[in-house]
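Reviewing the structure listed below.
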Amino acid sequence: MTLTQRISLWSCPRTVSTALMRSFAQREDTFCVDEPFYAHYLARTGKAHPMREAVLAAQSSDWRSLLLGPCAKPVQFVKHMAHHLVGEMDLSFAASTRNVFLLRPPRETLPSMLRDLGEVRLGDVGYERQRELYHALRRAGEDPIVIESTDLLNDPEGSLRRLCARLGLAFDRAMLSWPPGRHPSYGVWAPYWYGNVEKSAGFQAITPKSEPFPEELEPLLAVAENCWLDLHARRLRA
């Protein structure tokens, strides 16, 4: 019996993680799972996110079966939000997956989160949790992969080729584009959060931001950038 190759993508909001999951969903050999800890996060924190009740109703708390149980395809790709890791959680499953960390400069992500949530704190963004998990995996003898969303958007094919090579997968050109619209792998929260991805047909070029950075986010930016820089230095390069 062929063992399932499991990939865990650890990301922060606004890091084009959904587009990367959609890219992997184009592979015939891959089954994608979308943010299996979202309901856990909402239940534990009490956060009043859009579609909160729908998320709580839709997701099972038995995430171990989902992440470690039988998979319909040879490869399982799981998109995680690092900030969903709250409370006492058994993360031993990470030892049986290939762990990939997806980064994006916090200066590019924090303003849009402020617009959507009205208030943003360190626990909402995941940068600190990403760094903690990365170093915990390193101490455990793992070799996590780090990729930068800026590199991915500037050179989708090159970045995906490098990522697939590190994962031991053959690169598939189907990963570069997809039909617009909703995909079955998307979580129930897609109608609120995934509008841009659903309108896309591939990775979108970076649009420089013109608005000034919100002054109220400067203290958070300083902490988040410190975490981001630590992992950014370890990213896959051309």
- What ranking, highest mean first, results for peptides 108-116, 87-95 when packing means the other Cβ atoms within 10 Å averaged over each residue? 108-116, 87-95
- Once amide H atoms are built 1.01 Å from N in the peptide plane, which residues 5 or more positions from R6, or in another chain, come under 5 Å H to H? Q76, R98
- Message: Is there a quick way to get the dipole size of the range 110-238? I mean about its Cα centre, with the Cβ of Lys and Arg at +1 and of Asp and Glu at -1; what is the value in debye to the nearest 20?
- Response: 600
- Task: Just rank H40, H83, H135, fewest to most, by other beta-carbon atoms within 10 angstrom.
- Result: H135, H40, H83
- Task: Starting at the first residue of the range 36-43, write each ³J(HN,Hα) from the Karplus equation 6.51 cos²θ - 1.76 cosθ + 1.60 with θ = phi - 60°, in whole Hz, x for Gly and Pro.
- Result: x, 9, 4, 4, 4, 4, 5, 5
- Calculated [θ] (222 nm, deg cm²/dmol) that DSSP helices of n ≥ 4 give over the chain, each run adding -39,500 (n - 2.57): -11500 deg cm²/dmol
- If we count other beta carbons within 10 Å of each Cβ, what is the order of S210, S200, fewest first? S210, S200
- Fewest to most neighbouring Cβ within 10 Å: what's the order for R64, R121, R27? R121, R64, R27
- Item | FRET efficiency for K199 and A174, using Cβ-Cβ distance with R0 set to 22 Å, rounded to 0.05 | 0.70
- Query: Dividing the Cα radius of gyration by the Kirkwood radius, what Rg/Rh value follows for the range 5-232?
  - Reply: 0.93
- Item | Loop-located trypsin sites (Lys or Arg not before Pro) in the range 159-198, at most 16 other Cβ atoms within 10 Å (DSSP) | R182
- Item | Rounded, prolate or oblate (a/c below 1.5 giving rounded, otherwise prolate when a/b exceeds b/c) for the range 1-136 by Cα gyration tensor | prolate
- Message: At a threshold of 8 angstrom on Cα-Cα distance, excluding pairs fewer than six apart, so keeping six or more, what relative contact order does the chain reach in percent?
- Response: 29
- Message: I'd like the antiparallel share, as a percent to the nearest 5, of DSSP beta bridges with both residues in the chain.
- Response: 5
- Item | Nearby aspartates and glutamates by direct alpha-carbon distance to K209 (threshold 13 angstrom, same-chain neighbours under 8 apart not counted) | E108
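Since every read-out is calculated from the coordinates, none of them should be taken as a lab result. Since the model is a prediction, treat every value here as computed from it, not as a measurement. Note that each Cβ is placed from the backbone with ideal geometry, even for glycine, and that neighbours are counted across all protein chains shown.
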